[in-house]
1. Do we find a residue being farther than 22 Å from A119 by Cα and exposed (fewer than 14 other Cβ atoms within 10 Å of the Cβ) anywhere in the range 153-168?
2. For the range 52-63, how many residues meet the condition of being assigned to a helix (DSSP H, G or I) and surrounded by fewer than 21 Cβ atoms within 10 Å (Cβ to Cβ)?
3. Could you pull out the residue among G135, G86 that is more than 17 Å from the chain's Cα centre (by Cα) and modelled with pLDDT under 95?
4. Which residues, counting only those in the range 100-145, are among the acidic types (D, E), assigned to a strand (DSSP E or B) and open to solvent by 10 Å² or more (accessible area, probe 1.4 Å)?
5. Do we find that I175 is farther than 30 Å from G70 by Cβ and modelled with pLDDT of 95 or more in this structure?
6. Could you figure out which of (1) β-branched (V, I, T); (2) open to solvent by 10 Å² or more (accessible area, probe 1.4 Å); (3) under 19 Å from F109 (Cα atoms); (4) more than 16 Å from the chain's Cα centre (by Cα) isn't true of T188?
7. Counting residues that are closer than 26 Å to G86 by Cα and among the aliphatic types (A, V, I, L, M), which strands (runs of 3 or more DSSP E) fully inside the range 153-228 reach at least 3?
Amino acid sequence: TEAAQQFSESEAITEAPSIVADTVGWRHAEGLSFVSDLYFQGGLDAVSDAFARVPQSTEQILHPEKYIDGEAPIVVTLPDLPTVLGGGWLEQDTGTLGEFLTGLYLSAFLSAEQAESAAEGWGGDRYALLEDDQGRQLIAMLYAWDSEKEGAEYHAAYLELAEAKSQGSWELVRISGTRRLWVGDDITVHIERMGDKTLVIIGPDQASVESVVDTISDLGEWVTIISN
């Protein structure tokens, strides 16, 4: 029956990995909250208008006031990383994480409160996931934040994430200003902050990661702020 099928789907979501369950559950909970907020501020007309002008980011759903104010996401791009890396590297996926998935990623190693706070102030981002012909993977994540303070908060949170994730198994081999580089078995992690931008690169070896870092040397070059 339809009821039995819905129960089965609900049970499958509950038993799925937490990121799947959290993502599906978020759509229902935050979507309802977003619509309710629009309704209380502008009635059914405001809700109807949202179908014609859909939210552009999870940030706008989490913070309806940003949707109402028309605060558009900042456009972030990345260079052609397969060309930069060479040697059989191919791009497997690219896109935008947004505030919600950024917070969800951080919450795997930080408290929910700290992860949520660090993800707030999201302005825009771009990620690229690559894989080489040996099956090794590299991911680059470039963020633009609403302010330098927000960028610094994310940077600080990621330093704690790296410590929690590595459990002391990564060696911190380089510190320069806001730059950090850790090297572990088959993993190299780089993070840096330049004002209101942050760059995270996770790759299989130091040479690959540093070649991407050198290419994205000026973080601001890859960020475009659109005036409302």
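The values are calculated or read from the model by the stated rules, or taken from the named source; none is laboratory data. Just so it is clear, the model here is predicted, and its values are computed rather than measured. Using ideal geometry, Cβ is built from the backbone for each residue, glycine included, and neighbour counts are taken over all protein chains shown. For the accessible areas, the whole protein counts, side chains as well, though only heavy atoms, and no ligand, DNA or RNA atoms are used. Shrake-Rupley method; radii C 1.70, N 1.55, O 1.52, S 1.80 Å.
1. Yes, the range 153-168 contains a residue that is farther than 22 Å from A119 by Cα and exposed (fewer than 14 other Cβ atoms within 10 Å of the Cβ).
2. 1
3. On the way: G135 fails: modelled with pLDDT under 95.
Within the list G135, G86, the selection yields G86.
4. Here is the first cut: in the range 100-145, the residues among the acidic types (D, E) are 113, 116, 120, 125, 131-133.
Now drop any that are not assigned to a strand (DSSP E or B), which leaves 125, 131.
Selection gives E131 alone.
5. Working: farther than 30 Å from G70 by Cβ: yes; modelled with pLDDT of 95 or more: no.
For I175, the condition - farther than 30 Å from G70 by Cβ and modelled with pLDDT of 95 or more - is not met.
6. Just one mismatch for T188, condition (2).
7. Details: elements: 171-176, 179-184, 187-194, 197-203.
It comes to 187-194, 197-203.
For (1) among the charged types (D, E, K, R); (2) more than 21 Å from S166 (Cβ to Cβ), each residue gets a yes or a no:
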| site | (1), (2) |
| --- | --- |
| F109 | no, no |
| E113 | yes, yes |
| E116 | yes, yes |
| W122 | no, yes |
| A128 | no, yes |
| E131 | yes, yes |
| G135 | no, yes |
| L138 | no, no |
